[in-house]
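*Asks:* Next up is a structure, given as structure tokens.
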Amino acid sequence: MLATALLLLPVPVALPQDQVLTLEQASGRQATPSFGARAASYEWATDGYHLRFGPRDEAKYLDPETLQEVEAIPMGMPEGPPQGLSQAQIRAALEELEGVDAERADRLSGRRAQRAADGSVVAALDQGAILVVRAEGSAATARRIPTSGHSELLRVSADGSQLAWVADNDLWIAATDSGKARRLTDNGGPEFFNGKLDWVYQEEIYGRGNFLAHWWSPDGRYLAFLALDEEAVHSFTLVDHIEDDTFRVKAEVTNYPKSGDPNPTVQLGIADARNGKVQWVDLGEYAGEEALITRVGWDPQGARCLFVVANRIQTYAHLRSVAPGKRNSKLLIAESNDSGWTNRPAMPRWLDDGSFLWESDRGGNHHVYHYRADGKLLRAITSGDWSVNGIRAVDEENGRMWFSSTHDGAVDRNLYRIQLDGSDMLRLTTGEGSHAATFNHDRRWFLDRVSSLSMPEEVRLCDADGQVLKVLDRATVPAAVQFRMGQWELHEIQARDGTALDVAVLKPVPFDADAQYPVWISTYSGPNAPTVRNRWNGSAWNQFLAQHGVIVLNVNVNTASGKGMWSTTRCYKQLGVRELQDLEDTVDWLCANPWADAERVGITGYSYGGFMSAYALVASDKFALGVAGGGVYDWGMYDTVYTERYMSTPQDNAEGYALASCLNKAGQLHGFLHMHHGVMDDNVHVQNLMQMVLALQKAGQTNWSMMVYPQNRHGIRDADQRWHARQLEWRLIQEHLRPAGAPEPQ
């Protein structure tokens, strides 16, 4: 399909003292007025008592007890304990090594460097070697440890005694005092990874960009690591069509298991740093389960390696422990879900008495449980029809725990305190919105940084029980002085089954209740990934839309509500179906108002949101326009670990895959669909776009367009191409949703 010329259509004329954003300003193409609302920076000084504020090089201090400013931290209260080697010591020691000049030493001592827990050892990879700096009394010495091949993923043990790294997919260790290196594995290669993750493990289990798969025990005696056999994993080829100084193309081949394909086979090994011997943990009881190892760590003494095993479709997760040198492990906790999947659990939070805290979604909500070291449940600490977002702090001496939670609203975040026996739960933060708290060293006070959709951010100093002692700063919105600004409204509405949906609406500004406006929905809607949060929204693009006569609508569909697994698992085995129903119900609710035009509703999103935008256009008749970016248009094309968690395998859930596919609904296209994709997207392959294009062509559909962005991956990173995409999106909104001032379609 030929791309049509991009023309910027007329926009309303700015008023002298009530300016309207231009497309260039809203898109970052010109200086963008700030609609953000960030309060002044306050933080606890490293003495754990005073508050520090102002620029780093001109820091000022506040006494939280008197609320009086002090010029400096008083004598006898030095700002923090020694932090190990100083940057000056590290640079000086490195400059003693042959070939390391001041500039290189400065670079190697920065963020790239790996450090022991106490900062007494620092190491960095550099040009075929590891450079190690160790504290020697009040001085520092440096040494160079040669490496071979492509070396990466360097880590220093917590006690500073050992190094570990991966070279050409084999695992190596070295003692930092002697520099003696030892190779632990010798079978690494393109299809076998030791101590390093493959694409699907880093993307979907351990976190995008994190390829680390080796973990030191706290004392540096043992190294646990994963070994991944990729032989059965299918490869996928991307083609870069843009190569400098040539018109040839370059292929990029990656092992990528698509739904139903073989996964890598995983093993867990534990190496003894003293002799280099590796003991492989017996996973025989999981034979035939195509097991995944989703967590690895250690207890505080280094006496046990803890790991989590899940089956392929992730309906269970088992926490197990194994002693170094042993093959057999012990089951501590078994999590399972008969009506959905089991999320990857966090590792235990250990207490001084050897017991631990464990977070679980059992029962449909996320709560905290107290276990003995041997895996015997002592009690549930939190419970109820609400979820814990995370443990913030624990005071074992006084038997207390602090945590953030959705107890008082799924779109809010508040801080709570509870006794470890589950009694005396107390909310510590006040007022609506999203609260982020940081404590001083003995938790006599905390800083509360809070904002909501209707309130710019402010910083509060609170006492231990949450009483606000002083509002330290309130943010202002710089652009509000000069530009029209809409105000978000937060609503709770009912879906067709009676469940509640959180909705946010930004009306046009100025707003005329006698006019009719188009509606623009921006969504993601992926499992447990809310779009609506009750915190300040500083998006200039949303303000631009409101200024140009468009209602901006956001909704947390049930499966992305943040309310708990009882809500999220409604998408199980049929991604998109329930989400679309909730989107439709939200459109119906809004368009029951005479000022919202049900015939001019558009939707956009990227990645999962791209899937939802396309799915809305082929599975519903309520949307006049969809702009889908980087979407999965059939879940058979996405990776095993993510997709099968929610959909099981195509072999076991053929009906669900067919129901969730945009491809086989292409003939039902309603409204105008525009799709765009990065050609080098190694996450959601551009194959998705090509398959959807073919399906639309075969179905005889012509009410759609597409755009590809060469050299971009999962997201448009290039500024010029991002500007192109924004211009095109605005043109489509004007053409198909016709906000006020836009010309009638020809």
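*Asks:* Starting from the Kirkwood Rh over alpha-carbon pairs, what translational D in µm² s⁻¹ does segment 529-679 have by Stokes-Einstein at 37 °C and 0.692 mPa s?
*Replies:* Translational D for this selection: 201 µm²/s.
*Asks:* Quick one: dipole size for segment 116-193, taken about the Cα centre, charges +1 on Lys/Arg Cβ and -1 on Asp/Glu Cβ, in debye to the nearest 20.
*Replies:* 240
*Asks:* Ok, one more. Restricting to DSSP loop positions (anything but H, G, I, E, B) with no more than 12 other Cβ atoms inside 10 Å of their own Cβ, which trypsin sites (Lys or Arg not before Pro) remain in segment 449-506?
*Replies:* Within segment 449-506, the qualifying trypsin sites (Lys or Arg not before Pro) (loop, at most 12 other Cβ atoms within 10 Å) are ARG496.
*Asks:* Can you give the local net charge around ASN311? Use residues other than it whose beta-carbon is closer than 12 angstrom to its beta-carbon, Lys and Arg +1, Asp and Glu -1.
*Replies:* For residues surrounding ASN311, the net value is -3.
*Asks:* Sort segment 42-146 into rounded, prolate or oblate with this rule: let a ≥ b ≥ c be the square roots of the eigenvalues of the Cα gyration tensor; rounded if a/c is under 1.5, and if a/c is not under 1.5, prolate when a/b is larger than b/c, oblate otherwise.
*Replies:* prolate
*Asks:* Starting from the Kirkwood radius over alpha-carbon pairs of segment 486-737, derive D by Stokes-Einstein at 10 °C in a medium of 1.306 mPa s and give it in µm² s⁻¹.
*Replies:* In µm²/s, the coefficient rounds to 87.
*Asks:* Something else about it: Where the centroid of each part is defined by its Cα atoms, how far is segment 470-548 from segment 681-697 in Å?
*Replies:* 32
*Asks:* Provide the per-residue ³J(HN,Hα) series for segment 276-286, in order, calculated from phi with Karplus coefficients 6.51, -1.76, 1.60 and θ = phi - 60°, each as a whole number of Hz, with x at glycine and proline positions.
*Replies:* Those phi angles translate into x, 6, 10, 10, 8, 7, 6, 10, x, 5, 9 Hz.
*Asks:* Taking amide H positions as placed in the peptide plane 1.01 Å from N, state which residues far from PHE192 in sequence (5 or more) or on other chains have amide H under 5 Å from it.
*Replies:* Sorted by chain and number, the residues that satisfy this are GLU230.
*Asks:* For LYS326, which aspartates and glutamates qualify as cross-link partners when the Cα separation must be under 15 Å and same-chain residues fewer than eight apart are set aside?
*Replies:* Partners within reach: ASP272, ASP282.
*Asks:* Right, here's the next one. Highest first, please rank the peptides 509-518, 671-680, 587-596, 629-638 by the mean number of other Cβ atoms sitting within 10 Å of their residues.
*Replies:* The packing order, highest mean first, is 629-638, 671-680, 587-596, 509-518.
*Asks:* Evaluated at 37 °C with a viscosity of 0.692 mPa s, what Stokes-Einstein diffusion coefficient in µm²/s does segment 384-475 have when Rh comes from the Kirkwood expression over alpha-carbon pairs?
*Replies:* Result for D is 244 µm²/s.
*Asks:* Report relative contact order for segment 486-737 in percent, whole number only (criteria: Cα-Cα under 8 Å, sequence separation at least 6).
*Replies:* About 16 percent, as a whole number.
*Asks:* Compute, for segment 384-475, the length of the dipole vector about the Cα centre, with Cβ point charges of +1 (Lys, Arg) and -1 (Asp, Glu) only. Units Debye, rounded to 20.
*Replies:* For segment 384-475, the charge dipole is close to 260 debye.
*Asks:* While we're looking at this one, here's another question. Any idea what the dipole of segment 486-737 comes to, in debye rounded to 20, about its Cα centre with Lys/Arg Cβ at +1 and Asp/Glu Cβ at -1?
*Replies:* So the magnitude is around 360 debye.
*Asks:* Could you work out the relative contact order of segment 384-475, using alpha carbon pairs under 8 angstrom and six or more residues apart, expressed as a whole percent?
*Replies:* Contact order relative to length: 16 percent.
*Asks:* Follow-up question, since we're still on this one. Report, by chain and number, residues whose modeled amide H sits under 5 Å from the one on TRP298, excluding near sequence neighbours (fewer than 5 apart, same chain).
*Replies:* LEU306
*Asks:* To continue, here is another question. Tell me, what HN-Hα J-couplings in whole Hz come from the Karplus equation 6.51 cos²θ - 1.76 cosθ + 1.60 at θ = phi - 60° for each residue of segment 206-213, using x for Gly and Pro?
*Replies:* Ordered by residue, 3J(HN,Hα) equals 8, x, 3, x, 9, 9, 5, 9 Hz.
*Asks:* What list of whole percents do you get for P(r) of segment 424-501, with Cα-Cα distances grouped in 10 Å bins up to the one holding the largest distance?
*Replies:* Pairs per bin, as whole percents: 16, 34, 26, 19, 5.
*Asks:* In what sequence, highest mean first, do 560-568, 379-387, 727-735 appear when ranked by Cβ atoms within 10 angstrom?
*Replies:* Result, highest mean Cβ count within 10 Å first: 560-568, 727-735, 379-387.
*Asks:* Additional query: Which of the trypsin sites (Lys or Arg not before Pro) found in segment 100-162 are loop residues per DSSP with 16 or fewer other Cβ atoms within 10 Å of their Cβ?
*Replies:* ARG111, ARG112
*Asks:* What is the Cα coordinate range of the chain on the first, second and third principal axes, sorted by size from largest, in whole angstrom?
*Replies:* In descending order, the Cα extents are 78, 66, 59 Å.
*Asks:* Greater than 20 Å separation of Cα atoms is the criterion. Which listed pairs, LYS277/LYS330; LYS60/LYS470; LYS330/LYS376; LYS622/LYS665, meet it?
*Replies:* As for pairs spanning more than 20 Å Cα to Cα, those are LYS277/LYS330.
*Asks:* Leaving out same-chain residues fewer than 8 places away, which aspartates and glutamates sit with a Cα under 18 Å from that of LYS507?
*Replies:* ASP18, GLU489, GLU492, ASP588, ASP597, GLU599
*Asks:* Run the helix sum for the chain: -39,500 (n - 2.57) per DSSP H stretch of 4+ residues, divided by residue count, reported at 222 nm to the nearest 500 deg cm²/dmol.
*Replies:* Mean residue ellipticity, 222 nm, calculated: -4000 deg cm²/dmol.
*Asks:* Okay, next question. Per residue of segment 179-188, in order, report the coupling 6.51 cos²θ - 1.76 cosθ + 1.60 (Karplus, θ = phi - 60°) as ³J(HN,Hα) in whole Hz, putting x for Gly and Pro.
*Replies:* x, 6, 9, 9, 8, 8, 10, 9, 10, x
*Asks:* Normalising by the residue count of the chain, find the relative contact order in percent from Cα pairs under 8 Å and 6+ residues apart.
*Replies:* It rounds to 10 percent for the chain.
Each reported figure results from applying straightforward, stated rules to the coordinates on display, with no laboratory input. The structure presented is a predicted model; accordingly, all values stated were derived computationally and were not measured. In this analysis, Cβ positions are derived from the backbone assuming ideal geometry, glycine residues included, and neighbour counts consider all displayed protein chains.
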